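Take a look at the structure below.
The values are calculated or read from the model by the stated rules, or taken from the named source; none is laboratory data. Everything quoted here is computed from the prediction, not taken from an experiment. Glycine gets a Cβ as well: all are built from the backbone with ideal geometry, and neighbour counts include every protein chain shown.
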Amino acid sequence: MPLFPYRWAVIANGRALTDELANAPDDKFSFTFPTGKLVQTDYTVGPEILTDRFHVPIVRTNLSRNIGAIIEELRDEMLQAFRVSPLNDQTKKDKEVNVPALATVQQLIARITNRIFVGQPICQDEEFCRLNTVYVFDVVKAATKINMFPDFMHPRILQMNGPDALPVCISRSLPVILDSNGYERSEEGLAMRLLNINLGAINTSSVTFTHALLYLATHPEYAAILRAEVENVLDHEGQSKEGMQKMVHVDSFLRESAKLNAISLTSINRYTLDNYTFADGTFIPKGTVVASSMYSTHLDEKIYPNAHTFDPWRFVNSSGKSDTGKAYTVTSAEFLSFGAGKHVCPGRFFAANELKAMLAHIVITYDVKFEAKANGVRPPNEYVGTSVIPNTTAHVLFCRRV
Ligand code: HEM
């Protein structure tokens, strides 16, 4: 099928092909080529992000294995971020506050995420957070422009290697010691890496959480079930990694929202470095983009009965207990929001905990609904290429309960 910016891509459908694609070795299927093409790394974020991927093991090990240790800090920053956000104006208790959904979520997530990436006080620097949030849009705009032209013209289109955000990131300095060499150890190298990690973390998390927030506004009736669960867990477990694991309804709500609205229509985008024949005999010539269809998989009635309906407790056991096989972070050929296999998102444990903490906080602190003019109808998504973006003009009303 035609797929911007790759022109044509082969879609690997079904469990067997998706599993094979997800677990194929890098010398057969390149993970970095499609990203390089999509983002036009040479002209936007810099080639180093693909040639020296030292940040991936840092996220996979240092960050993911220490979720238990950072959860308190994450929650502390979240509470502070909500407290100063427009939706928590103290004078407006019991009054509705109308906020743009995506922009508000982006602001919160940029700050909370960077409490862990760079710590205080930098994570509370509004300009730093704003630049790290808009960076992704600058990159996508520039890359889209470049991708409209043939390859030989690319060097002439744009040289964006010094985005506005860079001097700010450098001047705020970086209290993170990364396992890096040469250019990567320089102030500019570290600042670029931080911007690029934020590029992968803030937008994905914000888009994902906004989709869930819009479902909450569409179905305020689900808030009571979530609230009862959160209050019960907080009473018995306090704020801990174990407590987060027990929030199975919160977890299921997020997984179902991501099932219906993942960040993209495709997942596991790869590029063949050699001719390749799948186990079922399908031949793919060298130089082909191959991806799995997240959209048709997540809406497949054979996998998910009533697949098009938002069923927030779909992944909760009939006993209402935790089913680790259906947790939000568990990926498979049937749940592709975080990819699957060899390059599955290493930041998903961090993201899931952050988003769960935010949803838990929202349901116990606010009632959430749409403006009257929306008639309780979830505004339609926006699509840019294969990206699935929650309606960028959607507003949500927050009313403080406590
Ligand atoms: C809800 C939020 C997120 C979503 C939906 C998401 C989704 C994804 C997806 C679809 C991939 C590609 C997987 C593949 O092609 O098989 C990916 C890769 C990646 N993600 Fe995430 N992500 C999220 C949050 C994060 C966060 C918070 C971080 C950092 C802390 C992060 C770091 C990464 C990295 C480093 C990779 C590249 C992995 C590799 O090169 O092997 N992600 N993510």
**OP:** Look through region 23-50, keep the residues that are hydroxyl-bearing (Ser, Thr, Tyr) and more than 12 Å from the ligand (Cβ to nearest atom), and return whichever of them is farthest from the chain's Cα centre (by Cα).
**Re:** 43
**OP:** Kindly check whether there is at least one residue in region 308-326 that is within 16 Å of the ligand (Cβ to nearest atom) and small (Gly, Ala, Ser).
**Re:** no
**OP:** Check residue 233 against each of (1) in contact with a Lys or Arg (Cβ under 6 Å, 6 or more places away or on another chain); (2) at pLDDT below 70 and name the one condition it does not meet.
**Re:** (2)
Subject >> In region 77-95, residue farthest from residue 198 (Cα to Cα) [restricted to those that are of a type in the set (S, T, N, Q) and surrounded by 13 or more Cβ atoms within 10 Å (Cβ to Cβ)] >> reply: 88
Original post:
Within region 379-391, is there a residue that is crowded, with 20+ Cβ neighbours inside 10 Å and either touching a Gly at 6+ places or on another chain (Cβ under 7 Å) or at pLDDT 95 or above (or both)?
Top reply: yes
**OP:** Look through region 57-76, keep the residues that are surrounded by fewer than 15 Cβ atoms within 10 Å (Cβ to Cβ) and within 11 Å of the ligand (Cβ to nearest atom), and return whichever of them is farthest from residue 108 (Cα to Cα).
**Re:** 57
Original post:
Of the residues 297, 331, which is away from the ligand (no atom under 12 Å from the Cβ), farther than 20 Å from residue 6 by Cα and among the polar types (S, T, N, Q)?
Top reply: 297
Subject >> Single residue of 71, 58, 49, 11 found to be at pLDDT 85 or above, touching a helix residue (DSSP H, G or I) at 6+ places or on another chain (Cβ under 6 Å) and of a type in the set (A, V, I, L, M) >> reply: 71
Original post:
Which number in (1) modelled with pLDDT under 95; (2) more than 16 Å from the ligand (Cβ to nearest atom) marks the one condition that residue 244 misses?
Top reply: (2)
